[in-house]
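A short write-up of the structure that comes next.
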Amino acid sequence: MIDLHYFPTPNGWKVSIALEELDLPYRVVACNIGRGDQFKPDFLAISPNNRMPAIVDTEPAFGGEPVSVFESGAILQYLAEKTGRLLPTDPRGRLQALEWMYWQMANQGPMCGQAGHFRNYAPEKIEYGIERYSNEAHRLYRVLDERLAGREFVADEFSMADILCWPWVHLREHHGQSFEEFPQLERWYEQLLARPAFERGLAVGLDLVKESGGMDEEARRTLFGQR
Ligand SMILES: N[C@@H](CCC(=O)N[C@@H](CS)C(=O)NCC(=O)O)C(=O)O
């Protein structure tokens, strides 16, 4: 059984979608990041960077004690290697999927995250921050759009690279982006949205949002007051 420490956000959706695609049994353990669950000692023991998602697999494919994994890229690679799916076996295809995984983790996630922050959450409108990160988000949307020209998926076949990149495009308006200039991206996005596992993965934990209290003062302090 896999415990998924989770709140419905783009990084959380990567794992819920992957688990649905792989049809692996899992349990959701709520991690309400607006109320500080990410700082609880039991959670920090599996995710020392106080960020979700994280998983605990009681039945690792390599046997032995339960194993915990944090960082969504590492989690998807772990699940792909456990199941022999979502990571091409041909070495060149595998390399491409890994390249785009690192691209997502080091570029799309952090930069779009900053764009979303300055556009939607910063207490003051700081034009420099809004412009700098919205432009960077735009550049990254263009990079992915160009990658998808003439190809169905991010790597040569459907892979974890698609699952890692897709949830961030799902929140494009939050980053100040639209599909107007990115037709390849729109085609790829719609094609994946039509997969039942994507629909199921996106719906995981919607009740947690309702119960969470939303982005109130406590959530702002908890999320944006860290040092
Ligand atoms: N690189 C990490 C990023 C995870 C991350 O930033 N998670 C956010 C929610 S999307 C979080 O847990 N935030 C809690 C906090 O900021 O304290 C991953 O991909 O797993």
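Readers should treat all values here as calculations from the given coordinates under stated rules, not as data from a laboratory. Keep in mind it's a predicted model, so treat the numbers as computed, not measured. Every residue, glycine as well, gets a Cβ built from its backbone with ideal geometry; the counts of neighbours run over all protein chains shown.
How high is the FRET efficiency between Ile126 and Lys210 when r is their beta carbon distance and R₀ equals 30 Å, given to the nearest 0.05? Plugging the Cβ-Cβ distance into 1/(1 + (r/R0)^6) gives 0.45. Each of Ser178 and Ala45 was given a label point 7 Å from its Cα along the Cα-to-Cβ line. The distance between the two points is 5.0 nm. Lysine pairs in the chain whose alpha-carbon atoms fall under 25 angstrom of each other, counting only those eight or more residues apart or on distinct chains, come to 4. Among the GluC sites (Glu not before Pro) in the range 43-151, those located in a DSSP loop and surrounded by at most 12 other Cβ atoms within 10 Å of their own Cβ are Glu124.
If you take the Cα centroid of the range 189-226 and the Cα centroid of the range 118-166, the two points sit 18 Å apart. The Cα atoms of the range 91-194 define a convex hull whose projected area, averaged across directions, is 6.3 nm². Of the residues Ala115, Ala80, Ala61, the one that moves most in a GNM of the chain with alpha-carbon contacts below 10 Å is Ala61. At an R0 of 35 angstrom, the distance between the Cβ atoms of Met1 and Arg92 translates into a FRET efficiency of 0.50.
Altogether, the Stokes-Einstein calculation at 10 °C and 1.306 mPa s, with the Kirkwood radius of the chain over Cα pairs as Rh, returns a diffusion coefficient of 87 µm²/s. Considering amide H positions built from the backbone, and no H for Pro or chain starts, which residues 5 or more places from Val28, or on another chain, come under 5 Å of its amide H? Answer set, sorted by chain and number: Leu4. Estimated at 0.36 nm per residue, the fully extended path between Arg142 and Val29 surpasses their Cα-Cα distance by 37.1 nm.
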